[in-house]
Each structure stands twice: as structure tokens, then as C-alpha cells.
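Contents: one structure, followed by commentary.
The values are calculated or read from the model by the stated rules, or taken from the named source; none is laboratory data. Since the model is a prediction, treat every value here as computed from it, not as a measurement. As a convention, Cβ positions derive from the backbone with ideal geometry for all residues, glycine included, and neighbour counts pool all protein chains shown.
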Amino acid sequence: MIILGIDPGTAVTGYGVIDAGPGSRVRLVECGVVRTPARDPLPVRLRAIRDGVVELLERHRPDAVAVEDVFYGKNVRTTVVLSHARGVILLTVEDAGIPIGEYPPALVKKTVVGRGAAAKEQVGYMVAQLLRLSAPPAPADAADGVAIALAHHLLAGGTAARARRGQVA
């Protein structure tokens, strides 16, 4: 099973693609980021994110896509803008007809690291350990994308995971 994990952002959207084939060790296929210029207007940035996701879907043909939920920070504007990026990503994946799993950041961290309040460095370290990589994926947004894909792989089979997401992935 090919899983694409996405960590949405309007400036940097991290992604990770894993292959979790039956009876085989989970392996990292690719990870990276989709960057948008900070000076571009929001609609232009959202188009760039959509185009990046479309390209990833076409190149990897994932069986499932996992997307991190919006976290609720102190800055309402940041949360709203991030929600725009998530909306574009979710619509793009839905249009492609690929099942979507959505996970809160704390659940991703708890699943991969064992602690819901883990720091970014801990997430990267555990991603490297779980996938037997010589170093954590870089930048940190790419490691987060891989962590989301791993969390989906580890959680998607259970009824409790489906209930937390409010859907079947």
C-alpha cells in the first residue's frame, strides 16, 4: 500500500510517501516540500499547492492520503489561512477519488513518538528510527509528512482510528 502523508502549510507543505506493502518492511519512497513564495497572493499560493499535490498523486498513485488536521493556535489568522491550504489539498485528493485519513497533530506525534507533545526533532528522529534511515528526513516539514503517512499506516486498520477521524480511510 502506497500512502502519501501531507503536512499542510501555505508557505511550506511537507509530504512523505511510504510503501507499506503486505509482508514487507515499510520503506520511504520519497519526501520533500512544496514551497510557495511568501510575496504571492493567497490564491496563487493555493494553486501552487494544488499543482504540487496533483503532481505527487500522478507520480506515486497512492492508495491512501493522510492529511494533518488544523491545530488551533493563538493566531486565528494563521489557523484560517492554514485551513485554506487544507481545503485545497482535501478537494484535490477527493477529486482524484483517493481515500483520505485526517489526523490531529497530537495523535500523529503520539503514534510515531509515543508522546502527543513531542518536539519536531523527536518526530524526525523517530521517523528515521522506524524507517531505518541514516538521518531524519529534512526539512522538518518533510519529516512531518512522513510521520503522518506512518501514523495512517499504524492507525488506519482499527475501528477506533476510523471513529476518531469520523470516516473510513
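Some observations on this one:
Yes/no matrix, rows are residues, columns are (1) of a type in the set (Val, Ile, Thr); (2) surrounded by 15 or more Cβ atoms within 10 Å (Cβ to Cβ); (3) touching a strand residue (DSSP E or B) at 6+ places or on another chain (Cβ under 9 Å); (4) modelled with pLDDT of 95 or more:
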{"site": "Val53", "(1), (2), (3), (4)": "yes, yes, yes, yes"}
{"site": "Glu58", "(1), (2), (3), (4)": "no, no, no, yes"}
{"site": "Val70", "(1), (2), (3), (4)": "yes, yes, no, no"}
{"site": "Gly97", "(1), (2), (3), (4)": "no, no, no, yes"}
{"site": "Leu107", "(1), (2), (3), (4)": "no, yes, no, yes"}
{"site": "Met126", "(1), (2), (3), (4)": "no, yes, no, yes"}
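- Of all residues making up the range 47-76, the number that are in a helix (DSSP H, G or I) and within 16 Å of Tyr15 (Cβ to Cβ): 13
- Scanning the range 82-95 for residues that are surrounded by fewer than 16 Cβ atoms within 10 Å (Cβ to Cβ) and either over 27 Å from Ala48 (Cα atoms) or touching a strand residue (DSSP E or B) at 6+ places or on another chain (Cβ under 8 Å) (or both) gives a single hit, Glu94.
- If you go through the range 81-99 and keep only what is free of Cβ contacts under 8 Å to residues at least 24 places away in the same chain and either in a strand (DSSP E or B) or closer than 20 Å to Asp144 by Cα (or both), you end up with Ser83, Gly87, Leu90.
- Extreme residue, farthest from the chain's Cα centre (by Cα), among residues of the range 1-33 that are more than 18 Å from Ala151 (Cβ to Cβ) and of a type in the set (A, V, I, L, M): Ala11
- Members of the range 111-143 that are over 15 Å from the mean Cα position of the chain (by Cα) and among the charged types (D, E, K, R): Arg115, Glu121, Arg132
- Residue check for Thr36: polar (S, T, N, Q) and more than 12 Å from the chain's Cα centre (by Cα): yes
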